[in-house]
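Enquirer: Provided herewith is a single structure, encoded as structure tokens, for subsequent inquiry.
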Ligand code: ADP
Ligand code: TRP
């Protein structure tokens, strides 16, 4: 039997280079391997605790769906869907919440960070927390368990959530007999953290992102705005800089070797950034063309998502029915 791989991305902003290398590209590598059945989805239910403007949410979903497709997801092979089209997920969330201890959720990093922030501000610890945030890991466990996932490729920041899904599956199986496949996270070690223009982790939260499909001229401007040191144009340049870090993501080994030599010999930052822009543009331009196409023909994308939902539904239904039956419903 093929192993099941599942992952989701939240539609919380315009997809950026960090999302591409940290999440989308690794997921596409699994999808191109015939040993796996892949389920990739847009976690719009999960975005609700952050995005309160319906138009913003819709636009984020649109951009994310078009991004996945432009990056090369094959919707005939991968089951590609929107979480909110799979209502079985919310029903299963309720069932499994009955074997989830509150203490487990109290330990979630995101929840703890917010209670700590409120406490530091002298407010009630739970004043910043809605139940969508508190229950976030249970919904995520439901996403994972409902399609019998074996593997869940995620970034390091999501490791705890997949561990919780595993704990919940085991607790349920212990109480009600074998019902769920126990999942495992897959953390891609060699990707590391992609840095933004300011040298910190590229993240929407830091406002330092390079959108994956920024128009060419905008991309050039963003690349030119990457923070650098004030060394002279002829001096060697550090290969642990954000500029080189980004270059290395797009380059093949021989391109990388050649660029490294230029850095060691000495080049101006303007030239280094021009090299970076050119290599980025080479990779991104063909994908951007597809992205622009899907953005302009979103009805085609909606059909693809609807087809994905139709394919995942019977599998989800079967898992849900098994859980209901084992619980005595
Ligand atoms: P952001 O930090 O911009 O809000 P998300 O938390 O929505 O990004 O991340 C979505 C996915 O992209 C996650 O799997 C995450 O691990 C990955 N990711 C985000 N930023 C980076 C980065 N700078 N480097 C590597 N992976 C990243
Ligand atoms: N929590 C994940 C994130 O913030 C998104 C997500 C939701 C997810 N459900 C999932 C990831 C299930 C993997 C599996 O990036």
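The values are calculated or read from the model by the stated rules, or taken from the named source; none is laboratory data. Keep in mind it's a predicted model, so treat the numbers as computed, not measured. Don't worry about glycine lacking a Cβ; one is built from the backbone with ideal geometry, like all the others, and counts go over all protein chains shown.
Enquirer: Which one is farthest from the chain's Cα centre (by Cα), of the residues in the stretch 201-211 that are away from ligand 2 (no atom under 16 Å from the Cβ) and surrounded by 13 or more Cβ atoms within 10 Å (Cβ to Cβ)?
Expert: 208
Enquirer: Going through the stretch 286-302 one residue at a time, which ones are in a helix (DSSP H, G or I) and surrounded by fewer than 16 Cβ atoms within 10 Å (Cβ to Cβ)?
Expert: Looking only at the stretch 286-302, we keep the residues that are in a helix (DSSP H, G or I), and these are 286-296, 298-302.
The answer is 286, 289, 292, 293, 296, 298, 299, 300, 302.
Enquirer: Another question about this same structure. Being within 15 Å of the chain's Cα centre (by Cα), within 13 Å of ligand 2 (Cβ to nearest atom) and closer than 16 Å to residue 209 by Cβ is the requirement here; does residue 26 meet it? Can you show your working first?
Expert: Details: within 15 Å of the chain's Cα centre (by Cα): yes; within 13 Å of ligand 2 (Cβ to nearest atom): yes; closer than 16 Å to residue 209 by Cβ: no.
So residue 26 fails the test.
Enquirer: If you take just the helices (runs of 4 or more DSSP H) that sit entirely in the stretch 123-207, which of them hold at least 3 residues that are closer than 19 Å to residue 49 by Cβ and out of contact with any helix residue (DSSP H, G or I) (no Cβ under 7 Å at 6 or more places or on another chain)? Spell out the reasoning first.
Expert: Numbers: elements: 131-134, 136-146, 159-176.
Correct list: empty, since no element meets the threshold.
Enquirer: Does residue 172 count as away from ligand 2 (no atom under 16 Å from the Cβ), surrounded by 21 or more Cβ atoms within 10 Å (Cβ to Cβ), in the same structural domain as residue 69 (by TED's automatic domain parsing) and modelled with pLDDT of 95 or more? Spell out how you get there, then give the answer.
Expert: On the way: away from ligand 2 (no atom under 16 Å from the Cβ): yes; surrounded by 21 or more Cβ atoms within 10 Å (Cβ to Cβ): yes; in the same structural domain as residue 69 (by TED's automatic domain parsing): yes; modelled with pLDDT of 95 or more: yes.
For residue 172, the condition - away from ligand 2 (no atom under 16 Å from the Cβ), surrounded by 21 or more Cβ atoms within 10 Å (Cβ to Cβ), in the same structural domain as residue 69 (by TED's automatic domain parsing) and modelled with pLDDT of 95 or more - is met.
Enquirer: Let me confirm something: among 51, 9, which residue is within 14 Å of ligand 2 (Cβ to nearest atom), farther than 24 Å from residue 147 by Cα, in contact (Cβ under 8 Å) with a residue 12 or more places away in the chain and surrounded by fewer than 23 Cβ atoms within 10 Å (Cβ to Cβ)? Give the derivation first.
Expert: Working: 9 fails: farther than 24 Å from residue 147 by Cα.
Within the list 51, 9, the selection yields 51.
Enquirer: Within the stretch 180-200, track down each residue that is within 16 Å of ligand 2 (Cβ to nearest atom) and more than 18 Å from residue 247 (Cβ to Cβ). Break it down stepwise before answering.
Expert: Restricting attention to the stretch 180-200, the residues satisfying the condition of being within 16 Å of ligand 2 (Cβ to nearest atom) are 180-188, 191, 193-194.
Answer for the stretch 180-200, where residues must be within 16 Å of ligand 2 (Cβ to nearest atom) and more than 18 Å from residue 247 (Cβ to Cβ): 180, 181, 182, 183, 184, 185, 186, 187, 188.
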